[in-house]
Each structure stands twice: as C-alpha cells, then as structure tokens.
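What follows is a short report on a single structure.
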Amino acid sequence: RPPGPPAALPARARPRLRVRRVGHRRGEMLAGAIPGAIVPPAMSLVEAARLMAGATAVVGVDTGLAHLSVALQRPTIGIYITTQPRLTGLHGAANAVNLGGGSEGMPCVPTVETVWGRLQPFLAGSGA
C-alpha cells in the first residue's frame, strides 16, 4: 500500500479538497497512447496523493498536483501550454521534466510522441 499524504495537510482540510479533472478528453487521448497509463476519476487531494505516491511516473499539466508529485519524489513530467515552466515549472528534482511553454497568444502543446519519449527513462527497469 502506498504511503499516505504528507502530514502537513491539516485534517480539517481533507474532506473539503477535491481534485477536478480539467481537459479530461486530452488526458484520455494521451493515456490511450501510453500502455498502462490511467486517467483517474475525480478524487480528494488525499486520494490523489496516495495514487501518485504509488505511481511509477506521473504526467501532469501546470497545476499543483504535478508539484505534489515531485514533492512525493515521483518521476514527473509537467506539461505547460500557455505558461512558462521557467517561472512556475517543476524545479529542484532530477526526476522532473518540463515540456512546452507557450503563451496565451501562442500555445505550445507537446506531442504525445514527445511526452512518451521523455517518459521512457522513468519506465526503464520499472517493469511497466
């Protein structure tokens, strides 16, 4: 069983925090191209932390969940479409990769092939 979330999350906050699925259709497309990948249903932040803690690797968009994955020391790929990862990207971990980085006027969407290619070193030797 994967470890629980960081102890810093106050118990009183747990029942109110929910994870929203944004861009679910795009996530399904990406997951459909990656063997063994899942797009989980909406869940609490605690449930999301437990799921990520047991993951071989995590692919996320520019949200706090990608940062939580890095904090849980999971290999993480962050996808940035209209924001700059140099400002708010995944930093401070050797197993964190930032892809994309556009603007509102000029979005940059990494291809499935690019994400898959960058995911390979994380999956090598994991049995995934």
*For residue 106, work out the one condition from (1) open to solvent by 80 Å² or more (accessible area, probe 1.4 Å); (2) touching a residue at least 60 places away in the same chain (Cβ under 8 Å) it doesn't fulfil.*
(2)
*In the range 41-128, which helices (runs of 4 or more DSSP H) lie fully inside it and hold 2 or more residues that are under 23 Å from residue 29 (Cα atoms) and among the aliphatic types (A, V, I, L, M)?*
45-53, 64-71, 112-123
_When you check residue 74 against the structure, is it in contact with a Ser or Thr (Cβ under 9 Å, 6 or more places away or on another chain) and at pLDDT 80 or above, yes or no?_
yes
*Which condition number in (1) surrounded by 12 or more Cβ atoms within 10 Å (Cβ to Cβ); (2) modelled with pLDDT of 50 or more is the one that residue 9 fails?*
(2)
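The values are calculated or read from the model by the stated rules, or taken from the named source; none is laboratory data. Quick caveat: nothing in here was measured; it's all calculated off a predicted structure. Using ideal geometry, Cβ is built from the backbone for each residue, glycine included, and neighbour counts are taken over all protein chains shown. Heads up: the accessible areas ignore ligands, DNA and RNA and are worked out on the full protein's heavy atoms, side chains in. Shrake-Rupley method; radii C 1.70, N 1.55, O 1.52, S 1.80 Å.
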